[in-house]
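Working notes, structure below.
A short reminder: the numbers here are calculations on the coordinates, not readings from a lab. Model, not experiment: these values are computed from the prediction. Methodologically, a virtual Cβ is constructed for each residue, glycine included, from the backbone with ideal geometry; neighbour enumeration extends over all protein chains shown.
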Amino acid sequence: MPFIITDPCIGTKDSACVDVCPVDCIHPRKDEPEFATAAMLYIHPDECIDCGACVPACPVSAIYDSAEATPATQKGLIEANRIYRVGDADAVAQAEGLVQAHVDGHAELMAMTPSDRAAAHGK
Ligand code: SF4
Ligand code: SF4
C-alpha cells in the first residue's frame, strides 16, 4: 500500500518529504506551478515504493504508511492522494476539493497547530 499524506501538511507544506523521496512521487514540488496554490502535498499511489524515507523527514508527522494505518479522521484524504496529478487541472481541482471538504468538516483539528493536529489524530 502507498504512503498517505494527511492534514498536518496543510499550513506546513515545507517539502522536506520531497527532498528525501527516491522516486519523486510526492507532488507538487516547489518547481511545479501547482505548488503555489496547493493546500498540501500528495503521494502518487502507483509510484510510491513504500521505502518509508518520507515519514521521519516530515516535521509534523503528516505521513502514514498505508490506508489502513491512516486515522479515521483522515480517511477522506486517502482519495485526495490517490487522484492528485500535477499537470491535470481536473485531478488537481478534485483533490483540492476533497481537502477543502476535509478542512470544512474538521474545524476542531484545523484550529490546532499542525503538530498538535497530528497528535490528535489517534484520539
Ligand atoms: S514511502 Fe518512499 S517512495 Fe513512498 S512517498 Fe515516501 S519517500 Fe517516496
Ligand atoms: S514533509 Fe510533511 S509537512 Fe512537509 S510537505 Fe511533506 S508531508 Fe507536508
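Dividing the summed helix terms, -39500 (n - 2.57) for each DSSP H run of n ≥ 4, by the number of residues in the chain produces a 222 nm estimate of -9500 deg cm²/dmol to the nearest 500. Residue separation of residue 20 and residue 79 scaled by 0.36 nm, minus their Cα-Cα distance, works out to 18.9 nm of gained length. The order of the peptides 105-112, 16-23 by mean Cβ neighbours within 10 Å, most packed first, is 16-23, 105-112. Extending 7 Å from Cα along the Cβ direction at residue 111 and again at residue 36 yields two label points whose distance is 3.4 nm.
The distance between label points at residue 55 and residue 69 comes to 0.3 nm (points 7 Å beyond Cα on the Cα→Cβ vector).
Anisotropy class assigned to region 21-123 is oblate, per the alpha carbon gyration tensor with a/c at or over the 1.5 cut-off and a/b no larger than b/c. Averaging the sequence gap over all C-alpha pairs within less than 8 Å and six or more residues apart, then dividing by the number of residues, gives the chain a relative contact order of 32 percent. With no solvent and one equal point scatterer placed on each C-alpha of region 8-60, evaluate the Debye formula and give log10 I(q)/I(0) for q = 0.19 Å⁻¹, two decimals. So the normalised log intensities are -0.59.
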